[in-house]
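*Asks:* Take a look at this one; I'll ask things after.
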Amino acid sequence: MTTTTERGAARWKPRAAARPQGLQSTPDRTRRVRRLPIGLATIAAAAALAAGCGGGDARRDTGPAPQRKVVVLGFDGVDPDFVEQWKDKLPNFSELMRTGTFRRLETTTPPSSCTAWSTFTTGMNPGGHGIFDFILRDPKTYLPDRTGAVSHKAEYRFGTLLKKPETFTTTMSGEAFWTTADRAGKRSVVLRVPCIYPLEKEQHGYAQGGLGLPDMRGTEGTFHFWSSELSPRDAANPELGGKVLSLASGDSVETIIEGPVNPLWKEGDPAERQRLSIPLKLSRAGKDALSIDVGGRKETVESGKWSDWFHLKFDVTSMSTIPGMARFRVLETEPHIKLYMSPINHDPEDPAIAVTEPESYSKELVRAVGDFKTVGWNHETWGLNEERIDDEAFMQDIWDTFRESEAITLHELETRTTDLFISVFVETDRTSHMMYRLLDPEHPRYDAALAAKFGDSIFKTYQRADEIIGKVRAKLSPNDVLFIVSDHGFHSWRRGFNVNTWLVQEGFMTLKGGAKSTTKKFLQDVDWSKTRAYALGVGSLYVNLKGREGKGIVKEGAEYDALLAELADKMTKVVDPETGKPAVNKVYAGRDIWKGPRLGDGQDMQIGMASGYRVSSATPLGGAPEGLFENNMKKWSGDHATTETALTEGILLSSAKIEDEHPAIGDLAPTILGLLGVPVPPSYDGHALKISAPAGK
Ligand SMILES: [Zn+2]
């Protein structure tokens, strides 16, 4: 991750062209969101004006209110069974159920957030948008890469002057329905829709980035944890978790915050200069507090609560810095100093990468509501899962972030005139992932004492969702149409299934030396000359296909067909020896459930497990550890991504009367465009829902 902005009055701020650079899929099926040098941008803006489609200030968020506004509130991972169970204590949910429509919403296969929200966004199934899993594997090398946003390094002139800032493209194909509406002149606000980063340029739209927008280290959120109890040898650096650093002992200690990759670092330079860092001074301040001195600010932070945001600037050169922000939590002061720091967010006041569209929108939002998190994965799940912070710290952060997103939502709804308004909250999903263990007495990490305190955490996030629905409804006109959408449901994740170990046991995969398991990840010990199938990603199964895979052996046609049938047959007979129950309900063949130009990029098969099961944590990275099943001993205790699709529906709740009994998430895009009077693109798979009475609020 390499980002920069320049310091001082002469800061070079590239402006974007007036029209998107790649609404249509490019030949490699990635969208290119590229910032043009100033001269080109001016020419592009002038050309756009000449073409009569508006220039730099054409964005409209004022003027008369539309006759009917469409408002979508997304609550990630809200499960229909929980809504039914708790509806008496959720007044706004139950009123909409009574006066409007409540349906279970068919999700995508797999029922994971990026796949489902991409279908919501583009109106296409994964075969159209290409987001099948959070991993995209290279069939030639069998190595995984992430799907979604892909970073392109910043470039410097003469090693000092920023020539081109960091940019992003995405592996997602297709166009967001609000971009289609934008072209038809519709005004929109789109807040934190997951997995749509980088944000498209809009003429009449405002957007805030959500899931997929990286932290300053270029990850989904890397925390820092310092402890004087650790020796330097203990310090670890798992990039999907945290940076763990040992501290010297004493009342005052100095350490560093390790920030973004140094964009000027080259192969052969000293390794310690690979990342930019800034000094951090800590000293004991009484029994339960630390004085934290960083970035020109010194503040005493008490234990047991989150600090305010500290603004941190990482110098690339004497003329160029990368502005970020983070907050601290003092965990212990005696006998050891233990300190936790949140992932470093790009500073919304002065972000080095685009965190909103237009870029200046993030400054406006800061002025309206104060600092807000910009990293897309905006909760402390990794800190809790690695047990560096406790449940209290995690939940306090959930409530803080809920408030922040609520404030932006209500402010924007109140002050901007729009035809379409979308705001997605993910706290319902994150809390369900981390706190399911305290709701499920059969979970291996159930703890009665903790459950007494935090067992209602998931319910409380539903209550907060309900409050937000109430506040939003109060701001709507009777003609407006409100949709409440969740992308998938939830299950307890009690047991993990080692898919590759099973493939070895059943003879579909062979490990080097005939081993039955391995401690290595990334399929490193696989003997490809004797392997017919492999698992990588969350529930994805691939055939080692001749001509497609680097060392493929299975022939296309009859051999491939027979293998898929054999895999599905054998895997759906897998029984967990500890519970005596079947673990796998369905194995879906990609060609049977998806269609479209990206079909070939997807997995050959997707596993749909029984409730309570997920693929083990070693499986997504191509591990094959000992044993077929394992107890899930992590606090990440709820999941949804590999369960049977039909068991993992989301919800659709609406102020409108909807006639369809079985709506699907892909039906939202055509339905909303229909309500806005915008023609539906032919690429859509879903159909517009039949609305008999749109009015209501
Ligand atoms: Zn989730």
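*Asks:* What number goes with the only condition from (1) assigned to a loop (DSSP other than H, G, I, E, B); (2) over 17 Å from residue 608 (Cβ atoms); (3) of a type outside the set (A, V, I, L, M, F, W, C) that residue 501 does not pass?
*Replies:* (1)
*Asks:* Still on this model: Looking only at the range 110-133, count every residue that is part of a loop (DSSP other than H, G, I, E, B) and either modelled with pLDDT under 95 or within 17 Å of the chain's Cα centre (by Cα) (or both) and tell me the total.
*Replies:* The total comes to 7.
*Asks:* In the range 270-280, what count of residues is obtained for those that are part of a loop (DSSP other than H, G, I, E, B) and closer than 22 Å to residue 324 by Cβ?
*Replies:* The qualifying residues number 1.
*Asks:* Another question, if that's okay. From the list 427, 412, exactly one residue is charged (D, E, K, R), within 16 Å of the ligand (Cβ to nearest atom) and either under 30 Å from residue 672 (Cβ atoms) or modelled with pLDDT under 95 (or both). Which is it?
*Replies:* That would be 427, the only listed residue that is charged (D, E, K, R), within 16 Å of the ligand (Cβ to nearest atom) and either under 30 Å from residue 672 (Cβ atoms) or modelled with pLDDT under 95 (or both).
*Asks:* Sticking with this one: So is residue 201 away from the ligand (no atom under 16 Å from the Cβ) and free of Cβ contacts under 8 Å to residues at least 40 places away in the same chain or not?
*Replies:* In short, no.
*Asks:* Another question, then. When the residues of the range 440-462 are filtered to those that are closer than 21 Å to residue 383 by Cβ and within 16 Å of the ligand (Cβ to nearest atom), which remaining residue is surrounded by the fewest Cβ atoms within 10 Å (Cβ to Cβ)?
*Replies:* For the range 440-462, the residue satisfying everything is 457.
*Asks:* With (1) out of contact with any helix residue (DSSP H, G or I) (no Cβ under 8 Å at 6 or more places or on another chain); (2) surrounded by fewer than 19 Cβ atoms within 10 Å (Cβ to Cβ) as the list, and residue 397 as the residue in question, which single condition is left unmet?
*Replies:* The single condition residue 397 does not satisfy is (2).
*Asks:* Restricting attention to the range 594-601, does a residue exist that is under 25 Å from the mean Cα position of the chain (by Cα), within 16 Å of the ligand (Cβ to nearest atom) and of a type in the set (A, V, I, L, M)?
*Replies:* no
*Asks:* Among the hydroxyl-bearing types (Ser, Thr, Tyr) and in contact with a Lys or Arg (Cβ under 7 Å, 6 or more places away or on another chain): is that true of residue 122 in this structure?
*Replies:* Criteria not met by residue 122.
*Asks:* Also, quick follow-up: Checking the structure you have, find out if any residue of the range 134-150 is in contact with a Phe, Trp or Tyr (Cβ under 9 Å, 6 or more places away or on another chain), at pLDDT 95 or above, over 30 Å from residue 360 (Cα atoms) and part of a loop (DSSP other than H, G, I, E, B).
*Replies:* Taking every residue of the range 134-150 in turn, at least one turns out to be in contact with a Phe, Trp or Tyr (Cβ under 9 Å, 6 or more places away or on another chain), at pLDDT 95 or above, over 30 Å from residue 360 (Cα atoms) and part of a loop (DSSP other than H, G, I, E, B).
*Asks:* Those residues that are in contact with a Phe, Trp or Tyr (Cβ under 7 Å, 6 or more places away or on another chain) and surrounded by fewer than 22 Cβ atoms within 10 Å (Cβ to Cβ), I need them from the range 668-697; list them, please.
*Replies:* Hit for the range 668-697 is 670, nothing else.
*Asks:* Where residues in the range 463-494 are of a type in the set (Ser, Thr, Tyr) and under 30 Å from residue 576 (Cβ atoms), which of them is nearest to the ligand (Cβ to nearest atom)?
*Replies:* Result: 486.
*Asks:* Suppose we keep only residues that are part of a loop (DSSP other than H, G, I, E, B) and in contact with a helix residue (DSSP H, G or I) (Cβ under 6 Å, 6 or more places away or on another chain) within the range 151-192. Which one would you say is surrounded by the fewest Cβ atoms within 10 Å (Cβ to Cβ)?
*Replies:* 186
*Asks:* What's the number of the only condition in (1) on the phi > 0 side of the Ramachandran plot; (2) more than 16 Å from the ligand (Cβ to nearest atom) that residue 539 fails to meet?
*Replies:* The number of the failed condition is (2).
*Asks:* Would you pick out the residues in the range 635-660 that are charged (D, E, K, R), in contact with a helix residue (DSSP H, G or I) (Cβ under 8 Å, 6 or more places away or on another chain) and more than 15 Å from the ligand (Cβ to nearest atom)?
*Replies:* Correct list: 660 only.
*Asks:* Restrict the check to the range 436-444 and report whether at least one residue is free of Cβ contacts under 8 Å to residues at least 12 places away in the same chain, more than 24 Å from residue 96 (Cα to Cα) and either among the hydroxyl-bearing types (Ser, Thr, Tyr) or in a loop (DSSP other than H, G, I, E, B) (or both).
*Replies:* Yes, some residue in the range 436-444 is free of Cβ contacts under 8 Å to residues at least 12 places away in the same chain, more than 24 Å from residue 96 (Cα to Cα) and either among the hydroxyl-bearing types (Ser, Thr, Tyr) or in a loop (DSSP other than H, G, I, E, B) (or both).
*Asks:* Just checking, which of 608, 596, 600 is outside the structural domain of residue 381 (by TED's automatic domain parsing) and assigned to a loop (DSSP other than H, G, I, E, B)?
*Replies:* So the residue among 608, 596, 600 that is outside the structural domain of residue 381 (by TED's automatic domain parsing) and assigned to a loop (DSSP other than H, G, I, E, B) is 596.
Yes or no, residue by residue, for (1) surrounded by fewer than 14 Cβ atoms within 10 Å (Cβ to Cβ); (2) under 28 Å from the mean Cα position of the chain (by Cα); (3) under 17 Å from residue 501 (Cβ atoms):
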{"residue": "531", "(1), (2), (3)": "no, no, yes"}
{"residue": "539", "(1), (2), (3)": "no, yes, yes"}
{"residue": "542", "(1), (2), (3)": "no, yes, yes"}
{"residue": "549", "(1), (2), (3)": "no, no, no"}
{"residue": "553", "(1), (2), (3)": "no, no, no"}
{"residue": "559", "(1), (2), (3)": "no, no, no"}
{"residue": "564", "(1), (2), (3)": "no, no, no"}
{"residue": "567", "(1), (2), (3)": "no, no, yes"}
{"residue": "576", "(1), (2), (3)": "no, no, yes"}
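*Asks:* Further question on the same structure: Quick check on the range 310-363: of everything there that is surrounded by fewer than 20 Cβ atoms within 10 Å (Cβ to Cβ) and among the hydroxyl-bearing types (Ser, Thr, Tyr), which residue is modelled with the highest pLDDT?
*Replies:* If we take residues in the range 310-363 being surrounded by fewer than 20 Cβ atoms within 10 Å (Cβ to Cβ) and among the hydroxyl-bearing types (Ser, Thr, Tyr), then 360 is modelled with the highest pLDDT.
*Asks:* Then there is this: Filter the range 63-98 for residues that are within 18 Å of residue 409 (Cα to Cα) and not in a loop (DSSP other than H, G, I, E, B); which is farthest from the chain's Cα centre (by Cα)?
*Replies:* Only one residue tops the list, namely 92.
*Asks:* Name the residues in the range 613-624 that are more than 15 Å from the ligand (Cβ to nearest atom) and touching a helix residue (DSSP H, G or I) at 6+ places or on another chain (Cβ under 9 Å), would you?
*Replies:* Within the range 613-624, 616, 618, 619, 622, 623, 624 qualify.
*Asks:* Same structure, new question: So residue 94 ticks every box in (1) buried (at least 18 other Cβ atoms within 10 Å of the Cβ); (2) of a type in the set (Ser, Thr, Tyr); (3) more than 24 Å from residue 597 (Cα to Cα) but one. Which box is left unticked?
*Replies:* (1)
*Asks:* Okay, next question. With respect to residue 449, determine if the residue is modelled with pLDDT of 95 or more, in the same structural domain as residue 483 (by TED's automatic domain parsing), over 21 Å from the mean Cα position of the chain (by Cα) and part of a helix (DSSP H, G or I).
*Replies:* yes
*Asks:* Considering only the range 198-211, how many residues are within 20 Å of residue 129 (Cβ to Cβ) and modelled with pLDDT of 95 or more?
*Replies:* 7
*Asks:* Go through 362, 432 for me and flag whichever is within 25 Å of residue 181 (Cα to Cα) and either small (Gly, Ala, Ser) or under 21 Å from the mean Cα position of the chain (by Cα) (or both).
*Replies:* It is 362.
*Asks:* Under 9 Å between Cβ atoms, at least 6 apart or on separate chains: pull out the pairs that start in the range 550-574 with a residue that is assigned to a helix (DSSP H, G or I) and end on any residue that is hydroxyl-bearing (Ser, Thr, Tyr) and modelled with pLDDT of 95 or more.
*Replies:* Between residues of the range 550-574 that are assigned to a helix (DSSP H, G or I) and residues that are hydroxyl-bearing (Ser, Thr, Tyr) and modelled with pLDDT of 95 or more, the close pairs are 568/588.
*Asks:* The conditions are (1) under 17 Å from residue 76 (Cβ atoms); (2) more than 16 Å from the ligand (Cβ to nearest atom); (3) not assigned by TED's automatic domain parsing to the domain that holds residue 384, and residue 627 fails exactly one of them. Which is it?
*Replies:* (1)
The values are calculated or read from the model by the stated rules, or taken from the named source; none is laboratory data. The model shown is predicted, which means the values in this text are computed figures rather than measured ones. Note that we place each Cβ from the backbone using ideal geometry, even for glycine, and neighbour counts take in every protein chain shown.
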